[in-house]
Amino acid sequence: MERPIVVMKFGGTSVATPEGRQSIAERVTESLELGIAPVVVVSAMGRKGAPYATDTLLGLVADLPADQRERDLLASTGETISAVVVAHGLRAAGIAARAMTGAEAGIGTDTVHENASITEIHPALLLNAIAAGQVPVVAGFQGISDDGSITTLGRGGSDTTACALGVALEAQTVEIYTDVDGVMTADPRACEGASVLEVIGADELFQMARHGSRVVHTPAAELALASGLGLRVRNTYTDHAGTQVADISSYRPSSLATAVSNTSGIARIQVQLPAAEGAAEHMAAQAHVYRAMADASISLDMFTPACDSLLFTVAESDLDRACAIIGTLGLPYEARTGLAKVTLVGAGMHGVPGVMARVAESLAAAGVAVLQTADSHTTISVLIPAADAQTAVGALHEGFSLGE
């Protein structure tokens, strides 16, 4: 009878220290003693400033002519180093282990360097290692494209590696280990009353990630949502049960809202559209702007079309390119920077009247000016001055009793 598999992802801070590597060995040992076959996925060691952190490695070529393929090749070495170090640590603890690159683990991607998507997984080598009694230690964040180039999956991509392997290996569960006890109701740096959630719906986790929460990489959360993958977010260093991510078919929210996410570094652009004789001509003018942005790979958010203008947001890092494109279209525009987006997330708000009123009342009572809003079945987002972001997070957290 084949042993059940658990995929365990560990972050760079735990990989970088002897104490962290000891914790990894203890987690792996616990699984082995339960008759479960662990597959370990690791990210690069530490954060910027640490010698093998991704930002440190990329800093070596920051002032040189850019080559995305070679930047990927350089960035991927951080995870490869981590895999080798952790495999050595496991063997020192008496555990048979084998370090693998993403390519050796069978992770195939498209050719989009620095933000690739996984297209296929051929886990034969992984399964052979498990059958031989070894613990595979896979370098996260990386894969290989059809043309043989090493690619990376975007920041936080080791989470996506773990979830993709979990699906391919039909794992019993995927455990994402971090330096906090689980998914929290808000960023604890922005809200003192933030607390750990015992359970969260997969759709809620995806919306949190999409709107700024950094607990889980957005494509990983999307994969968990689409696949029904068993996923848990836990603390590397404690015995806290963490947060269970529930499949949407079985999840029943117990309250209107579940959490608040926030993201900064947002700019808003208002484009003046040419006079149009009818709705079709007006829509064509909007579509022309959208297409120009899409062709430049600029992501737009919080669209608000009007009869003579178009309002949307972009990341501040994309603002100069976006403005240049609008200029080439010959359209007048105004841009505003220094903004943030705060998003209330909750599957329980779908179809419930009065939620937006409660959001507005909470923010008004806190003196927060709302510049723009957007919503979906499970989210309400507000665009505000970045200086008010922490106040807004706290106001919504308290207004919807999330700390309870």
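Throughout, read-outs are computed from the coordinates displayed, never taken from laboratory work. Because the structure is a prediction, the values reported are computed rather than measured. Please note: Cβ atoms are built from the backbone with ideal geometry, for glycine as well, and neighbour counts cover all protein chains shown.
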Open item on the list: Would segment 91-139 count as rounded, prolate or oblate if I go by the C-alpha gyration tensor, calling it rounded below 1.5 in a/c and otherwise prolate when a/b exceeds b/c, oblate otherwise?
Closed with: oblate
Task: Net charge of neighbours whose Cβ lies under 14 Å from the Cβ of V167, counting Lys and Arg as +1 and Asp and Glu as -1 - done: -4
Open item on the list: For Cα pairs less than 8 Å apart in space and 6+ apart in sequence, what is the mean separation divided by the residue count of segment 31-73, i.e. the relative contact order in percent?
Closed with: 17
Task: Rounded to whole Hz, the Karplus (6.51, -1.76, 1.60) HN-Hα couplings of segment 200-214, x for glycine and proline - done: 9, x, 4, 5, 5, 4, 4, 5, 4, 5, 5, 9, x, 5, 9
Open item on the list: Nearest 5 percent is fine: what portion of the DSSP beta bridges confined to segment 140-259 is antiparallel?
Closed with: 45
- [ ] Go through (1) 21.9; (2) 18.3; (3) 19.7 and flag the label whose value is the computed mean projected area of the Cα convex hull in nm² for this structure.
- [x] (1)
Task: Degrees between helix 319-328 axis and first principal axis of the chain (Cα, 0 to 90, nearest 10) - done: 50
TODO: Give the shape of segment 5-179 as rounded, prolate or oblate, defined through the alpha-carbon gyration tensor: a ≥ b ≥ c are the square roots of its eigenvalues, a/c under 1.5 means rounded, and otherwise the shape is prolate if a/b is larger than b/c and oblate if not.
DONE: oblate
Task: For the chain: relative contact order, % (alpha-carbon pairs under 8 angstrom, 6 or more apart) - done: 13
- [ ] Just subtract the alpha-carbon distance of A335 and H88 from 0.36 nm times their residue separation and send over the number in nm, one decimal.
- [x] 83.7 nm
Task: Using θ = phi - 60° and Karplus 6.51 cos²θ - 1.76 cosθ + 1.60, couplings along segment 172-182 (whole Hz; Gly, Pro as x) - done: 5, 6, 10, 10, 9, 9, 10, 9, 10, 6, x
TODO: With both partners inside the chain, how many of the DSSP beta bridges are antiparallel, as a percent to the nearest 5?
DONE: 60
Open item on the list: Which of rounded, prolate or oblate describes segment 290-334 when judged by the alpha-carbon gyration tensor and an a/c cut-off of 1.5?
Closed with: oblate
TODO: Pop out the ³J(HN,Hα) list for segment 292-301 in order, Karplus 6.51 cos²θ - 1.76 cosθ + 1.60 with θ = phi - 60°, rounded to Hz; leave Gly and Pro as x.
DONE: 4, 5, 4, 5, 8, 6, 9, 7, 10, 8
TODO: Would you please name the chymotrypsin sites (Phe, Trp or Tyr not before Pro) within segment 281-341 that are DSSP coil residues with at most 15 other C-beta atoms within 10 Å of their C-beta?
DONE: none
Open item on the list: Rounded to whole Å, give me the distance from the Cα center of segment 326-395 to that of segment 187-245.
Closed with: 22
Task: Mean Cα-pair separation over length for segment 5-179, i.e. relative contact order, pairs under 8 Å, 6 or more apart, % - done: 27
- [ ] Quick one: which residues, 5+ away or cross-chain, put their amide H under 5 Å from the amide H of L231? H built at 1.01 Å from N.
- [x] V174, V245
